[in-house]
Amino acid sequence: MYILAAFAIALGSFNLHQTEVSASESETDKVIISFKDEIDFEVLEEMGAVVQEELNSIHAVVATVPDQPSVQAAAADSSIEYIEEDQTVKAAVQVQTWGYKHIKANTATKLGYTGKGVKIAVVDSGINKNHPDLKIAGGVSKIADLNTFSDKFGHGTHVAGIIGAQNNSIGTVGVAPDASIYSVRVLSDFGMGDVSDVIAGIQWAIDQKMDIINLSLTTETNSQALQEVVKKAYDKGIVIIAASGNDRANTKIKDVLFPARLSSVIAVGSVSPLNKLSYFSNYGPNQELVAPGENIKSTFVDLKTSTQDDYFVSEGTSMAAPFVAGTFAQYKEAYPHLSNGQLRATVNRAAVDLGAKGRDNLYGHGLVQSLSSKAALFPDLKLNYWYTPAIQKVFDLKITNGFPDGTFRPNSSITRGEAVTMLGRALNWNKNNTNHKFTDVPKTSYAAGYINSAYELGYISGTSATKFSPDTPIKRGDMAVIMQRIYKLKSTQQAPFTDVSASAYYYDAVQAVFENKIVTGYDDNTFRPENPITRAENAQILSNALK
């Protein structure tokens, strides 16, 4: 089975256009005249030269001369070292492509998120390792009888530049210029390859513990082996991104191509600067994100040149996929503790919704977007907020974690089972305790061992003789009671809370946790004991208690 580089194809050829990248030269009447010793102004006058600048340090002048014959005649004078024409020079300017700006990569760069510490495998036609705008960390060739992972076709180099072109004074800049880019060559000099080589390339990425794999290649037919190795990579925590394909004109194809269609893979379609699905881009139920894919300038390779500082403008879902790969590198740097699934959900939530509201077949979740603000521990937390230090502390102690979608949900309430579990983790209670007391706590529950231990230690009681109600939100007053029991807290019953009745069962406990600086009240001098505790409040309680 053959697999193709996912360039857009039109009129039987690749839509690949070269752009001017070298400084243009233009003729001028200015010349530089250098003398062997001192500047000879008599000779200059004889040749009709008008001096514009004296360069005394090198015994030369910048001058204009009336015509070429006079220059040739003067050059024979024994006092002249040389005469050379002036040349036009240009500043070496780095260009931010429209795609780079369109996904707000420039904002993420200003915030400092450039893919530092993230390893990305570009499984493609290789990468031009001599290109001055690229820095390649390593690589491998999986093509038989071909040891080099360098690029002769240009496709892999173009993809690599979109991800990681260096932030310097030349060419373009990649979405994640500080990421470690690895060249995994699986396509030939003509952009063709075998699925078996792609599988071997993905296996290499697994073995080398890559964080992200970019697959800007497609095939119309599924391969069980490809599906299995992709799932293996995903199960190892790798983010896998693939081009959706460029066969939109083929009405027989109703979805994105493989490997993008696989559930372990993030399928990326292409959009224009107007956020319209590109004329060539595949789409369907498995479309997950879209990114810029038309007229994208990036690094390239031209074997006829010696400098290797080549750039091309190209289009295709091959170009869209690396914009997403680079964006994931930014998020991975910002949230290194999130799993690949959590990162996937986070990036999908941040996308700009296009087309029909919500996920749709054309645009998936929408246009990928880079980070727009400095990251806190979790994407839905505020940086330098009242709960920030407490949540960081309990997270570092492995007491609490986020949800499968990568959020922390600081304002959500916690259940009685969750509260006891977090206390158990903090205080090293026996999580394998099988002395079950409560009939509504399943023996297979994550909280069962901690609840059994807490009951035996005398820290908790049930809502009835046989019930604990583990899924019910825990009240602030009940949490105060548990904390008082655990830490044997005393009180003077002089707390200022106006809403805590002296006859309430939690009255003394609320006073005690407040006086011992474990729990705080609200600005209006209320404690709100009947309110459920939020995840942020619970983190603060645990942090205060564990000083």
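Side notes on the structure shown:
- Compared with the dominant principal axis of the Cα atoms in the chain, helix 340-350 is inclined by about 80°.
- Sorted peptide list for 468-475, 282-289, criterion being average Cβ within 10 angstrom, highest first: 282-289, 468-475
- Charged side chains reduced to their Cβ positions (Lys and Arg at +1, Asp and Glu at -1) give the chain a dipole of some 5000 debye around its Cα centre.
- Share of carbon and sulfur in the accessible heavy-atom surface of the chain [1.4 Å probe, %]: 49 percent
- For residue 236, a cut-off of 14 angstrom between C-alpha atoms picks up these aspartates and glutamates, skipping any fewer than 8 places away in its own chain: 207, 211, 228.
- Orientation-averaged projected area, Cα convex hull of the stretch 390-547 (nm²): 9.4 nm²
- Using the Karplus relation 6.51 cos²θ - 1.76 cosθ + 1.60 with θ = phi - 60°, the per-residue 3J(HN,Hα) values for the stretch 115-128 come to x, 4, x, 9, 9, 10, 9, 9, 8, 6, 8, x, 9, 5 Hz, with x marking Gly and Pro.
- For the chain, the 222 nm mean residue ellipticity estimated from helices alone, with every DSSP H stretch of n ≥ 4 adding -39500 (n - 2.57) and the total spread over all residues, rounds to -8000 deg cm²/dmol.
- Average 1/r across all pairs of distinct alpha carbons in the chain, invert it, and you get the Kirkwood radius: 27.8 Å.
- Residues whose placed amide H lies under 5 Å from that of residue 193, excluding near-sequence neighbours: 3, 188
- Assuming charge only on the beta carbon of Lys and Arg (+1) and of Asp and Glu (-1), the dipole of the stretch 429-547 about its Cα centre is about 460 debye to the nearest 20.
- Positive end of the dipole of the chain (Cβ unit charges, origin at the Cα centre): among 63, 482, 348, the Cα lying farthest that way belongs to 482.
- Relative to the longest principal axis of the Cα atoms of the chain, the long axis of helix 155-164 lies at roughly 60 degrees.
- Separation in nanometres of the label points that stand 7 Å from Cα toward Cβ, at residue 352 and residue 435: 6.1 nm
- Amide H partners (placed H, <5 Å) of residue 217, local residues excluded: 6, 243
- Inter-label distance, nm, simple model (7 Å from Cα along the C-beta direction), residue 302/residue 467: 7.8 nm
- Amide H partners (placed H, <5 Å) of residue 210, local residues excluded: none
- Size of electric dipole in the stretch 148-289: Cβ of Lys, Arg +1 and of Asp, Glu -1, about Cα centre, debye, nearest 20: 280 debye
- Per-residue ³J(HN,Hα) for the stretch 166-174, Karplus 6.51 cos²θ - 1.76 cosθ + 1.60, θ = phi - 60°, Hz, x for Gly and Pro: 5, 7, 10, 9, 10, x, 10, 10, x
- Solvent exposure of the chain as accessible area per residue, Å², 1.4 Å probe: 46 Å²
- Across the options 400, 339, 212, the greatest Cα extent toward the positive end of the charge dipole of the chain (unit charges at beta carbon of Lys, Arg, Asp, Glu) belongs to 400.
- Packing rank of 42-49, 450-457, where each peptide gets the mean count of other beta carbons within 10 Å, highest leading: 450-457, 42-49
- Estimated vicinal HN-Hα couplings, Hz - the stretch 464-475 in sequence order (Karplus 6.51, -1.76, 1.60; Gly, Pro = x): 7, 5, 10, 10, 10, 6, x, 9, 7, x, 8, 7
- Farthest toward positive dipole pole in the stretch 497-541 [+1 Lys/Arg, -1 Asp/Glu at C-beta], among 534, 520, 502: 534
- Antiparallel DSSP beta bridges within the chain, as percent of all bridges there, nearest 5: 55 percent
- Degrees separating the helix 535-545 axis from the principal Cα axis of the chain, which is the longest one: 70 degrees
The values are calculated or read from the model by the stated rules, or taken from the named source; none is laboratory data. These figures come from a predicted structure and were not determined experimentally. Heads up, the Cβs are rebuilt from the backbone with ideal geometry, glycines too, and the neighbour counts pull from every protein chain shown. Areas reflect the complete protein model, heavy atoms only, side chains present, ligands, DNA and RNA absent. Shrake-Rupley method; radii C 1.70, N 1.55, O 1.52, S 1.80 Å.
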